[in-house]
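Right, one structure below, let's go through it.
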Amino acid sequence: MTSFNFATAQLSRYPVKHSKDLQAWDAADEYLSRFITSDSNVLILNDGFGAIDCAVRAARATPLHLNDSWCSLRAIELNTLQTPALFKAQAIDRGLVKLPKSISMLESQLTYVSNQLQQPLEIYFSGMQKHVSSGHLDLLKQICTRLEYLPTERKARMYKGVLQPCAHQTQITNLAVPELGLTLQNAAGVFAEQKLDIGSRFFIEHFHLLPSAQKVADVGCGNGLLSLAYHRLHPPAELMLFDESFAATESARLSFALNFPGAHYHIQHNDGLSGVEQIFDLIMINPPFHQQNTVTTDIANSMFQQAKQCMAASSELWIVANRHLNYPLSLKRGFRSVSVMAENAKFVIIRAKL
Ligand SMILES: C[S@@+](CC[C@H](N)C(=O)[O-])C[C@H]1O[C@@H](n2cnc3c(N)ncnc32)[C@H](O)[C@@H]1O
């Protein structure tokens, strides 16, 4: 076992301009790092910002990552100054898992790993107790052999088990939306995996208000629902979809291939529109309200700022959001024209122009 001093490692979250007061590691990362063995290949699942990677390197071991999040991979790169090596099917000696919020994502990740294993793998799972549910534990009992509970320390839970090699398929959920004539293909862990989001539904009910645009960006696209619905109304539009979650970009790719294989679309795994130099006629956003387990409007506000860089005077930014978040107020600081185009008790649809 090794110990690593997280406090002196100068780790930052990504995006760095947000949540400066929030730490880039927690007690669960520290607890996991105690199970690193030197001179080994360590598989890390869901390292939030690279803290576990740094601890693995400090122990002279080699980190290999499986991670859904583009922002996490970028944080790992920035904090370690190394491109994170991704787990494909390399031999591994130990697994360290930061438990993700989505149990179905955890299941699909563990299924993927066990499909690549040549021999049983000793694996440790941790998360802060407020984020670990009985569902996580039920899954671990089902998937691992020799599951043990280690003492909870500083509110971090810890389980140890053995993952056996096996060959199973990861599941895609078919979600039929007959009123839109669509069947969504949802990869494990994608937003609204089992059921359409009511905010997205409210937005789509008002799509007749949207302009008929040539170049359209769908930022935080999830399974591509908004773009699919837009394509149905405006088939010639060129659609660019962005999401930082790999499960999302994968779902969007599968959903377009099933519903509209001939549509003009491009799907990119990215932090919003960062680094995108194109100008769009229309940008649609149903923004996220959390990053990993932290509730925040930072990502939404960052998406609005990024959108500005990709707009011309005639472009329109359309947003659906919970009304209590009062985005019109923050948007008025960056956009000349901000109008509420529709609303109900819970949601507002906002149009912003430069
Ligand atoms: C509220 S969901 C909306 C999904 C979809 N557009 C819909 O309406 O059903 C927000 C989406 O934003 C994505 N997201 C979160 N942070 C992001 C970021 N920094 N860049 C791009 N997408 C992000 C999430 O993965 C999630 O798919």
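For segment 108-116, putting each phi into the Karplus relation 6.51 cos²θ - 1.76 cosθ + 1.60 with θ = phi - 60° gives couplings of 5, 5, 5, 5, 4, 5, 5, 5, 8 Hz, in residue order, rounded to whole numbers and with x for Gly and Pro.
Using a simple spin-label model with pseudo-atoms 7 Å out from Cα toward Cβ, ASN5 and LEU86 lie 3.6 nm apart.
Per residue, what volume in Å³ does the convex hull of the Cα atoms of segment 172-353 enclose? Mind dumping the intermediate values first?
Working: hull volume 19.6 nm³, N = 182.
Hull volume normalised by residue count: 107 Å³.
Coupling constants for segment 255-265 follow from the phi torsions by the Karplus curve (6.51 cos²θ - 1.76 cosθ + 1.60, θ = phi - 60°), and in residue order they are 5, 5, 4, 7, 8, 9, x, x, 5, 8, 9 Hz; glycine and proline get x.
Please give the peptides 40-50, 235-245, 271-281, 83-93 ranked by average Cβ packing (other Cβ atoms within 10 Å per residue), highest first, as a rough proxy for protection. Working shown, then result.
Numbers: 40-50: 24.5, 235-245: 21.5, 271-281: 17.5, 83-93: 14.2.
Averaged packing, sorted descending, gives the order 40-50, 235-245, 271-281, 83-93.
Assigning unit charges at the beta carbon (Lys, Arg +1; Asp, Glu -1) and nothing else, what dipole magnitude in debye, to the nearest 20, does segment 9-167 show about its Cα centre? Write down the numbers at each step before the final one.
Numbers: 18 positive and 15 negative charges, 52 e Å.
In debye, rounded to 20, segment 9-167 gives about 240.
Near the amide H of HIS65, within less than 5 Å, lie the amide hydrogens of ILE44, ALA85, LEU86, PHE87, all on another chain or at least 5 residues away, with H placed in the peptide plane. Length gained on full extension, LYS141 to LYS308, computed as 0.36 nm times the residue gap minus the Cα-Cα distance: 55.3 nm. Computed from backbone phi, the HN-Hα couplings of segment 184-199 come to 7, 10, 9, 6, 4, x, 5, 4, 6, 4, 9, 7, 4, 6, 6, x Hz, rounded to whole numbers (Karplus: 6.51 cos²θ - 1.76 cosθ + 1.60, θ = phi - 60°; Gly and Pro given as x).
Quarter the surface of the alpha carbon convex hull of the chain and you get the mean projected area, 18.0 square nanometres.
Just order 117-129, 136-148, 212-224 by mean Cβ neighbour count inside 10 Å, highest at the front, would you? Don't skip to the end; give the middle numbers.
Working: 117-129: 19.0, 136-148: 15.4, 212-224: 24.2.
Per-residue mean Cβ counts within 10 Å order the peptides as 212-224, 117-129, 136-148.
With a cut-off of 15 Å between beta carbons, the residues surrounding GLN169 carry a summed charge of -2, where Lys and Arg count +1 and Asp and Glu -1.
Quick check on the chain: helices-only [θ] at 222 nm, where DSSP H runs of length 4 and up contribute -39,500 (n - 2.57) each and the sum goes over total residues. Nearest 500, please. Don't skip to the end; give the middle numbers.
Details: 10 runs with 99 residues, N = 354.
After summing the helix terms and dividing by residue count, I get -8000 deg cm²/dmol.
Evaluated with a Cβ-only charge set (Lys, Arg +1; Asp, Glu -1), the chain carries a dipole of roughly 620 debye about its Cα centre, given to the nearest 20. Rg and Dmax, both from the Cα atoms of segment 6-163 and both in Å, are 14.6, 43.
Counting 0.36 nm for each residue step from LYS353 to ARG232 and taking away their Cα separation leaves a gain of 41.1 nm.
Residues of segment 221-256 with amide nitrogen under 18 Å from the 7 Å Cα-to-Cβ point of ALA342? What the label zone holds, given the 18 Å backbone N cut-off, is 225-235.
No value in this document is a laboratory result; all are computed from the given coordinates. None of these values were measured; they are calculated from a predicted model. Heads up, the Cβs are rebuilt from the backbone with ideal geometry, glycines too, and the neighbour counts pull from every protein chain shown.
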